[in-house]
There are 4 protein chains.
Amino acid sequence: MAKPLRLAVAGVGNNISALLQGIYYYRTLIADGADTNKLPGIRHFKIGDFAIGDIELVAAFDVQPEKIGLPIEKAIFCAPNNYPNLGLDIPHSTTIVHNGVHLADKGVMGQAGVATELRQSEADVLLYSLPTGLQRAADAYAECALEAGVSFVNCTPEAVARNPEHLQRFEERGLSLIGDDLASHMGTSMLHRAILDLLINRGLTLENTYQLNLGGNEDFRNLQNRGESKTVSKRNALARTGLDMNRVHVIPSAGVVPHLQDRKVAYLNVIGRGWANMPISIDLKLEVQDSSNAAGVIIDLIRIAASARRRGLAGFNAAAASFLKSPPHGHLADEQERELAELRRLNAACAQELV
Amino acid sequence: MAKPLRLAVAGVGNNISALLQGIYYYRTLIADGADTNKLPGIRHFKIGDFAIGDIELVAAFDVQPEKIGLPIEKAIFCAPNNYPNLGLDIPHSTTIVHNGVHLADKGVMGQAGVATELRQSEADVLLYSLPTGLQRAADAYAECALEAGVSFVNCTPEAVARNPEHLQRFEERGLSLIGDDLASHMGTSMLHRAILDLLINRGLTLENTYQLNLGGNEDFRNLQNRGESKTVSKRNALARTGLDMNRVHVIPSAGVVPHLQDRKVAYLNVIGRGWANMPISIDLKLEVQDSSNAAGVIIDLIRIAASARRRGLAGFNAAAASFLKSPPHGHLADEQERELAELRRLNAACAQELV
Amino acid sequence: MAKPLRLAVAGVGNNISALLQGIYYYRTLIADGADTNKLPGIRHFKIGDFAIGDIELVAAFDVQPEKIGLPIEKAIFCAPNNYPNLGLDIPHSTTIVHNGVHLADKGVMGQAGVATELRQSEADVLLYSLPTGLQRAADAYAECALEAGVSFVNCTPEAVARNPEHLQRFEERGLSLIGDDLASHMGTSMLHRAILDLLINRGLTLENTYQLNLGGNEDFRNLQNRGESKTVSKRNALARTGLDMNRVHVIPSAGVVPHLQDRKVAYLNVIGRGWANMPISIDLKLEVQDSSNAAGVIIDLIRIAASARRRGLAGFNAAAASFLKSPPHGHLADEQERELAELRRLNAACAQELV
Amino acid sequence: MAKPLRLAVAGVGNNISALLQGIYYYRTLIADGADTNKLPGIRHFKIGDFAIGDIELVAAFDVQPEKIGLPIEKAIFCAPNNYPNLGLDIPHSTTIVHNGVHLADKGVMGQAGVATELRQSEADVLLYSLPTGLQRAADAYAECALEAGVSFVNCTPEAVARNPEHLQRFEERGLSLIGDDLASHMGTSMLHRAILDLLINRGLTLENTYQLNLGGNEDFRNLQNRGESKTVSKRNALARTGLDMNRVHVIPSAGVVPHLQDRKVAYLNVIGRGWANMPISIDLKLEVQDSSNAAGVIIDLIRIAASARRRGLAGFNAAAASFLKSPPHGHLADEQERELAELRRLNAACAQELV
């Protein structure tokens, strides 16, 4: 690998555990001679300058006392993190978890320290992956990134990339800003939507449908209290022409089942009507590793952010839209085409440079 | 309604029971003032000249002694037919089931009588819906249709529309020939395919998958012995770029469960691999009314056949391709666009005529 | 039938709708000559003096303005009741819903009126079936029953039969008192327990298990807020020797799905370990009509209460224990034997009388 | 451990792989200090003289050329065996797989050699575990055991223990004879039966039910052709008073899904009727490791056989009945009590001896 992607992370939760362990998992596979076109769970082996393994974690921030001061490869296993330990032999890292931005009564504390640390780390990208709902923290980390000249990727529903002011400032600084909110690598909403689309495209009539989600990680605990906005967001993900949304029922968190840990279980039921009003029923159970679902998307977003910037493309990059729930300009009809065109452009620019 | 579609049927099985009862079901709904754009299970309320209810059954052929001589509204309830009796008050019909084409040691018997009856009935379309596997019967009924000047729709996998000789002769006679083999209104294969497509498009890796189907009607009994060709056909329906077919297992008939009668149950299991090789599993149960799944497609095919012919369009019509498993020219990449364009053309031609 | 059971009801919800419609359903079946030993969903065609149809609803109390003043066969279909209308031709009844006991800041109002009405109705049994959680209302209706000389059956978790004072007073008055809290005719807990019992009896080891319940009626809406006590009660129902309850997770109401109406859906997952620690997994979906699940038990409880009293047996009757979640003396090891012996005793006493 | 159980095996298939690997798995757990009362998947840590690990494999017979001559810890991994390799470090064994009994046109070949080898091995028990359907082989191995003075445990449906002649001869020789046909440690039939029992005991009515089984090992391949007898046997396992067997449909092998290997998947569906004829539906998926399901029962049967014989108890031992599908005297009502009493007797006799 040429020059690796230098990654900083705000929040050392399950997503970072999945990301870091996964990078080592794939490095090992590749070192063992695996076919790089057939790596499990990988959409693009290379994006722009970076293959799957070409990422170094150079800075990390958190506010949990148990994590602060630990090298990153240890911090990812601190409770309440519960992404499985894959038992890989991750080499000792000199990257230590630093005290991050703290919310105070008014404003935040610790922002200056984070900005300094970020600048010294020479990071390409700051990945923002704190628990959902902390808008002030998201804004503060975005400021740190601007100050340190680091691109920014926002995993959460907080408004950062779709805040026009933020977007303009990152553009002016020549930095990438990618967000907001990850679309799962393979999630309940997209599966539910694929089935409803099929039903409607074939001319059957939706009688009614429900979707419910269960999990055992902190996200599910948070959702118990903040289910309202998540319900809206999940219903939006299903809405489409020809679908009567009164017949669609979504339960983002049906409860916390601690032993599921970082796994997520969803149940779907779809009742439709076919010829002569005859019923058709579909029952589905989905089980996924929640944070792998995030990391499988993060791996592409950070590479897009870093490659675009190196190519002189600042702000939001269209190659990222289908990986996000709320991109700045919404979802466009020709999103997939734009995405592929943009990826080709990044890859071509990068290939040319090598000559 | 102006001039109804005059339909003849070869084979008075569950499909015809579903079709005939369904037509009366929708006529009743419409008479009761139902919104014709929201009829349950209907893709197109009107195709060309014909709304859903504008179909008259004018001739019927079968070889089962119990059915021959009965008016059609009684014959559809003779065992082994087991599509549910919807309890509609179908008016007494003067259409009596006639003795159909019989297979003899060499060739067939009864073809002349069928052709005569067909001509006298002034049918627009002959719908061929015998049990799977009777190529000689399919050919004989096609001859009868040619002789009587009637268009032909083939519900079965037998090669009729994709037999170039047949196709040329129907074209020369100015008759429609639509086939072969119905694609279900909403079937296991298309649901399985939608899920596998999603998995692969999102960059996950298929570990393995199986699909199994259960039912209680004659089709399932036949499949027990002729599963081989059905397995191939179902596997073809799933094949696509990027999918390792060694990891796909299809069981067209896992057994006959008599009490399911004309309902069909399918179980799907999909195991994939996401980021860091973490497993994702999907388990799905589908339950449908098997013959409603056929009738929901037949209703469009016969209207396309009759409308096209009235517009002077002979042979196969592109509007039918996505309703068929084996159309004469295979499935084209722009099939859906062609279909919609062709439907618009039929509808426009028909509207003009009214002026 | 000799002399029918005269039933009064406190609360005219789904349970009463199911009970009343069911009684007419079975009366019709029996009148049409059905084999009384094969009535669907019936454990005992006759208990003591009373066959399934030998029940008259002679008084009814509720506080919902829309229901008060209506004849009972109309009141059972007032929203929010949503048990299905079975379309039976229930004859017009002279039993009108009366204003029931109201909760006031201190104590209750309307108790005197209820007692008077109850006495005039000459009811054998008062069935208490208000929403869960109204202990004061339960106590007040018990007082009314005592005052009017009417036996009492408590469908709810409120402590009535297991309140020793109440029990003693009913005994002294020669009245039956049956409670507390119905065990479903066929519920999630008993199915879950049957599977866990099997696992443990066969020597496998429970890894972990969860159960979740969904519904669309008022009970599920109530449970959203009062899930705590229901969780405890449901966990108690599963507890047994050899089962590590830390591995058992119960979600009484995973959410309200309005279109389910009075149907209830439960999902169970059980992961066990067999020989060489190999995993065994069980996934189960249960769907039932929630209030049929209650009425199928109520029908036996009221007949036990009335027959026992007529035989001079006051207080709690052991024949009822297995139909209840919290009988006064808990569940005994030989409960089933006692129940059958007691039923035989009731039936024998009743048969003798006829001589 | 005192004196281990010396085990000989006829047939080195998945069952033996599961048994041998499991024994080493538990030995390791115990050596690491595991609580012997909480070993996963173990019903009895000790039976008579033998704890879980106190078993030595001293002779093995098979006819597959690839297995003959290999040490047993290698032979268990020869295809078509596909029980998973648990990755345990099984110590090299001096027990080599010998050529077993071959079926000839008339009678068998190789019986004398097996008997000699068996005698020299000083085995306590010969475990017969060949593919189903080879009655002559079962008889021949039973003769070898008689000749060599070795007790016999029959895992297959072949009639050995329920052949009165065999039973008498083993009794006369003072040898144990345990059979026939294993009841799974946790199988589809017992789960199906538990659910149907619950339904009927609660007074609900069975509308209909089906059960289907899928797998990927040789047993499932064999069942495809010999499903008839297995269907009968599985239906027998479900039959009980009050259950209309016309409403029960069993498919022993719905197909072979190679990638399932030694795992087995079963789907159950139960439709019942409750109060007022309201439907209740149960859908269940079971997934188990097929040969762990056998080994978890074998471990108890061989210990019963060896302990009983050492205590001077010849012939069939009542402690084994509930582990078998077809014990010599059928299943008795008080089977469970007899079993526990017999186990206590064996354990007591053994304890006394130590004094």
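For the condition surrounded by fewer than 20 Cβ atoms within 10 Å (Cβ to Cβ), more than 28 Å from C:Thr205 (Cβ to Cβ) and without any contact (Cβ under 8 Å) to a residue 40 or more places away in the chain, C:Arg311 does not qualify. Here B:His185 fulfils each of the conditions (1) surrounded by 24 or more Cβ atoms within 10 Å (Cβ to Cβ); (2) modelled with pLDDT of 95 or more apart from (2).
The residue that is nearest to the chain's Cα centre (by Cα), among those in the stretch C:1-17 that are assigned to a helix (DSSP H, G or I) and not aliphatic (A, V, I, L, M), is C:Asn15. Does C:Val256 qualify as being on the phi < 0 side of the Ramachandran plot, surrounded by 20 or more Cβ atoms within 10 Å (Cβ to Cβ) and more than 14 Å from chain D (Cβ to nearest Cβ)? No. Annotation: C:Ser176 fulfils all but one of (1) in contact with a Lys or Arg (Cβ under 6 Å, 6 or more places away or on another chain); (2) more than 27 Å from C:Pro4 (Cβ to Cβ); the unmet one is (2).
Within this structure, A:Asn154 passes the test of being of a type in the set (S, T, N, Q), crowded, with 24+ Cβ neighbours inside 10 Å and assigned by TED's automatic domain parsing to the domain that holds A:Ala321.
Out of everything in the stretch A:276-301 that is in contact with an Asp or Glu (Cβ under 8 Å, 6 or more places away or on another chain) and part of a helix (DSSP H, G or I), what residue ends up being surrounded by the most Cβ atoms within 10 Å (Cβ to Cβ)? It comes out as A:Ser291. With respect to the stated conditions, A:Asn222 is surrounded by fewer than 17 Cβ atoms within 10 Å (Cβ to Cβ), touching a residue at least 40 places away in the same chain (Cβ under 8 Å) and not basic (Lys, Arg). The single condition from (1) of a type in the set (A, V, I, L, M, F, W, C); (2) part of a loop (DSSP other than H, G, I, E, B); (3) crowded, with 24+ Cβ neighbours inside 10 Å that B:Leu20 fails is (2). The set of residues from the stretch C:243-269 being out of contact with any helix residue (DSSP H, G or I) (no Cβ under 6 Å at 6 or more places or on another chain) and touching a residue at least 60 places away in the same chain (Cβ under 8 Å) comprises C:Gln261, C:Asn269.
Can you tell me which residue is surrounded by the most Cβ atoms within 10 Å (Cβ to Cβ) among those in the stretch A:114-135 that are assigned to a helix (DSSP H, G or I) and at pLDDT 95 or above? The selected residue is A:Val114. Whenever a residue of the stretch B:8-20 is under 14 Å from B:Asn85 (Cβ atoms) and assigned by TED's automatic domain parsing to the domain that holds B:Gly100, its partners that are surrounded by 24 or more Cβ atoms within 10 Å (Cβ to Cβ) and aromatic (Phe, Trp, Tyr), lying with C-beta atoms within less than 6 angstrom and at least six residues away or across chains, give the pairs B:Asn14/B:Tyr83; B:Ser17/B:Tyr83; B:Ala18/B:Tyr83.
Filtered by the rule that a residue be surrounded by 24 or more Cβ atoms within 10 Å (Cβ to Cβ) and either touching a Cys at 6+ places or on another chain (Cβ under 9 Å) or assigned to a loop (DSSP other than H, G, I, E, B) (or both), the stretch A:141-151 gives a lone residue, A:Val150. Being part of a loop (DSSP other than H, G, I, E, B), among the aliphatic types (A, V, I, L, M), within 14 Å of chain C (Cβ to nearest Cβ) and touching a strand residue (DSSP E or B) at 6+ places or on another chain (Cβ under 8 Å): is that true of A:Ala266 here? When the stated conditions are applied, A:Ala266 does not pass them.
On the given criteria, is B:Glu66 within 17 Å of B:Ser291 (Cβ to Cβ) and either at pLDDT 95 or above or part of a helix (DSSP H, G or I) (or both)? Considered against the rule, which asks whether it is within 17 Å of B:Ser291 (Cβ to Cβ) and either at pLDDT 95 or above or part of a helix (DSSP H, G or I) (or both), B:Glu66 comes out as no. Among residues that are more than 13 Å from chain C (Cβ to nearest Cβ), among the hydroxyl-bearing types (Ser, Thr, Tyr), on the phi < 0 side of the Ramachandran plot and within 19 Å of the chain's Cα centre (by Cα), D:Thr209 is not included. Is it the case that the stretch A:176-190 has a residue that's in the same structural domain as A:Ser121 (by TED's automatic domain parsing), over 25 Å from B:Leu198 (Cα atoms) and touching a helix residue (DSSP H, G or I) at 6+ places or on another chain (Cβ under 6 Å)? Looking through the stretch A:176-190, at least one residue is in the same structural domain as A:Ser121 (by TED's automatic domain parsing), over 25 Å from B:Leu198 (Cα atoms) and touching a helix residue (DSSP H, G or I) at 6+ places or on another chain (Cβ under 6 Å).
Please verify whether the stretch C:163-175 includes one or more residues that are among the aliphatic types (A, V, I, L, M), surrounded by 24 or more Cβ atoms within 10 Å (Cβ to Cβ) and outside the structural domain of C:Ile282 (by TED's automatic domain parsing). Checking the stretch C:163-175: not a single residue is among the aliphatic types (A, V, I, L, M), surrounded by 24 or more Cβ atoms within 10 Å (Cβ to Cβ) and outside the structural domain of C:Ile282 (by TED's automatic domain parsing). Considering the stretch C:21-40, and only residues there that are among the hydrophobic types (A, V, I, L, M, F, W, C) and more than 10 Å from every other protein chain (Cβ to nearest Cβ), the residue that is nearest to the chain's Cα centre (by Cα) turns out to be C:Ile30. Within the stretch C:1-16, not a single residue is touching a Lys or Arg at 6+ places or on another chain (Cβ under 7 Å), over 24 Å from C:Arg119 (Cα atoms) and within 13 Å of another protein chain (Cβ to nearest Cβ).
Taking the stretch B:69-86 as the range and being out of contact with any Lys or Arg (no Cβ under 6 Å at 6 or more places or on another chain) and part of a helix (DSSP H, G or I) as the test, the residues that pass are B:Ile72, B:Glu73, B:Lys74. Restricted to the stretch D:151-192, and to residues that are facing chain C (nearest Cβ under 9 Å) and not small (Gly, Ala, Ser), which residue is nearest to the chain's Cα centre (by Cα)? Step by step, filter the stretch D:151-192, then rank; the result is D:His185. Among the residues of the stretch D:329-355, just one is surrounded by 18 or more Cβ atoms within 10 Å (Cβ to Cβ) and farther than 27 Å from D:Glu122 by Cα, namely D:Glu339. Of everything in the stretch B:193-206 that is within 24 Å of the chain's Cα centre (by Cα) and aliphatic (A, V, I, L, M), the residue that is farthest from the other protein chains (Cβ to nearest Cβ) is B:Ile195.
Among the criteria (1) closer than 19 Å to B:Asn154 by Cβ; (2) among the charged types (D, E, K, R); (3) at pLDDT below 95, the one B:Glu143 does not fulfil is (3). Answer with yes or no whether A:Arg43 is touching a residue at least 60 places away in the same chain (Cβ under 8 Å), within 13 Å of A:Leu127 (Cβ to Cβ) and of a type in the set (D, E, K, R). Answer is no for this residue. Criterion applied to A:Gly53, A:Gly13 was being small (Gly, Ala, Ser) and surrounded by 24 or more Cβ atoms within 10 Å (Cβ to Cβ), and the one residue passing it is A:Gly13. When the stretch B:281-298 is filtered for residues that are within 7 Å of chain A (Cβ to nearest Cβ) and in contact with a Gly (Cβ under 9 Å, 6 or more places away or on another chain), the ones remaining, listed by number, are B:Ser281, B:Ile282, B:Leu286, B:Val288, B:Gln289, B:Ser292, B:Asn293, B:Ala295, B:Gly296.
The values are calculated or read from the model by the stated rules, or taken from the named source; none is laboratory data. Since the structure is predicted, the reported quantities are computational estimates derived from the model, not experimental observations. FYI the Cβ positions are ideal-geometry reconstructions off the backbone, even for glycines, and counts take in every protein chain you see.
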